[in-house]
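The values are calculated or read from the model by the stated rules, or taken from the named source; none is laboratory data. Model, not experiment: these values are computed from the prediction. Counting neighbours? That spans all protein chains shown, and the Cβs are built from the backbone with ideal geometry, glycine included.
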Amino acid sequence: MQVIIFDDAQQVADSAAQWVAELINKKPNPVLGLATGSTPISLYKALVNKHKAGELSFKNTTSFNLDEYLGIDGTNVQSYRHFMNENLFDHVDIDKSQTFLPTCNQGENPREQGLAYEEKIKQAGGVDLQILGIGANGHIGFNEPTSSLASRTRIKTLTQQTLDDNSRLFAADEFQPTLAMTMGIATILDARYVILMATGKNKAKAVKDMVTGALSAVCPASALQLHENAIILLDKEAASELE
Ligand code: F6R
């Protein structure tokens, strides 16, 4: 695990963008693992800027997102499909038919859907670079505390803390999903490179547990201690509890 501390969140985003751009420019058919949430928005802005400047093409890129809510479809403004379109896919030259999110619609078998997502990742050659954020409770993807370190893509129930943390994004009368389909921890660990971005004081405790705590399902992000190529990009605030 390599930990790099920057002065501010913009530098974290710029550094992550450089990693992504390097991969895309080097590999003929790169496979990206993508995250949603507040943290990677500035990364996606930086990537869009690189694309607009003619420095980066997503033409041959395939992407797999970490997670998607259950109970709403991709046209819902709260869906992660919508988030990805708005923040990245609609602004670059990626072939949208090669962008995937783990879904399980009504009537579909969750186990089969999970296995099919894993298989699709495998057929694409595996994820080259997985982007991650971290929940204040240490979750990665929607692998909440006590998720098995050997877990694969499946349905998870969101914890009250995650629901509360994300309630800022929902109007008072808006439906907030409590279930999500998410890559598992083992799925994430399969990626060749992992870049976790964390910014802000409210992530400091989770970052401390991830980097210096015990390897434990209580802090799912601590599983990254097992990964040979895990790069942790932090701003000063997120790093403030590291010794
Ligand atoms: C999002 C995801 C989550 C977020 C985490 C942090 O696809 O899988 O693990 O990365 O909840 O979210 P933000 O960045 O909003 O603090």
Practice problem: Assess whether residue 58 counts as being surrounded by 15 or more Cβ atoms within 10 Å (Cβ to Cβ) and within 16 Å of the ligand (Cβ to nearest atom). | Solution: no
Quiz item: Of all residues in the range 175-196 being over 22 Å from residue 163 (Cβ atoms) and in contact with a Ser or Thr (Cβ under 8 Å, 6 or more places away or on another chain), which is surrounded by the fewest Cβ atoms within 10 Å (Cβ to Cβ)?
Solution: 186
Quiz item: Within the range 224-243, which residues are crowded, with 18+ Cβ neighbours inside 10 Å and either polar (S, T, N, Q) or farther than 20 Å from residue 39 by Cα (or both)?
Solution: 227
Quiz prompt | Candidates 92, 12 - the one that is among the β-branched types (Val, Ile, Thr), over 26 Å from residue 151 (Cβ atoms), surrounded by 14 or more Cβ atoms within 10 Å (Cβ to Cβ) and within 16 Å of the ligand (Cβ to nearest atom) | solution = 12
Quiz item: Pick from 23, 43, 47: which is under 14 Å from residue 130 (Cβ atoms), surrounded by 22 or more Cβ atoms within 10 Å (Cβ to Cβ) and at pLDDT 95 or above?
Solution: 43
Self-check item: Checklist (1) surrounded by fewer than 20 Cβ atoms within 10 Å (Cβ to Cβ); (2) in a loop (DSSP other than H, G, I, E, B) applied to residue 166, failing item
Solution: (2)
Quiz item: Of all helices (runs of 4 or more DSSP H) completely enclosed by the range 34-132, which ones contain at least 1 residues that are under 19 Å from the mean Cα position of the chain (by Cα) and of a type in the set (Val, Ile, Thr)?
Solution: 41-52, 110-123
Self-check item: Condition met for residue 73 (modelled with pLDDT under 95, within 28 Å of residue 115 (Cα to Cα) and surrounded by fewer than 16 Cβ atoms within 10 Å (Cβ to Cβ))
Solution: yes
Quiz item: Name the pairs whose Cβ atoms lie under 9 Å apart, with the first residue in the range 207-233 and over 18 Å from residue 142 (Cα atoms), the second in a strand (DSSP E or B) and aromatic (Phe, Trp, Tyr), and 6 or more positions between them or separate chains?
Solution: 227/193; 229/193; 230/193; 231/193; 233/6
Quiz item: Can you name the residue in the range 147-163 that is among the aliphatic types (A, V, I, L, M) and surrounded by 14 or more Cβ atoms within 10 Å (Cβ to Cβ) and, of all such residues, is farthest from the ligand (Cβ to nearest atom)?
Solution: 149
Practice problem: Quick one: in the range 26-40, of everything that is buried (at least 16 other Cβ atoms within 10 Å of the Cβ) and more than 16 Å from the ligand (Cβ to nearest atom), which residue is farthest from residue 212 (Cα to Cα)? | Solution: 30
Quiz prompt | Search result, residues across the range 197-209 that are surrounded by fewer than 24 Cβ atoms within 10 Å (Cβ to Cβ) and more than 9 Å from the ligand (Cβ to nearest atom) | solution = 201, 204, 205, 208, 209
Quiz item: Quick one: would you say residue 136 is surrounded by fewer than 18 Cβ atoms within 10 Å (Cβ to Cβ), within 16 Å of the ligand (Cβ to nearest atom) and of a type outside the set (D, E, K, R)?
Solution: yes
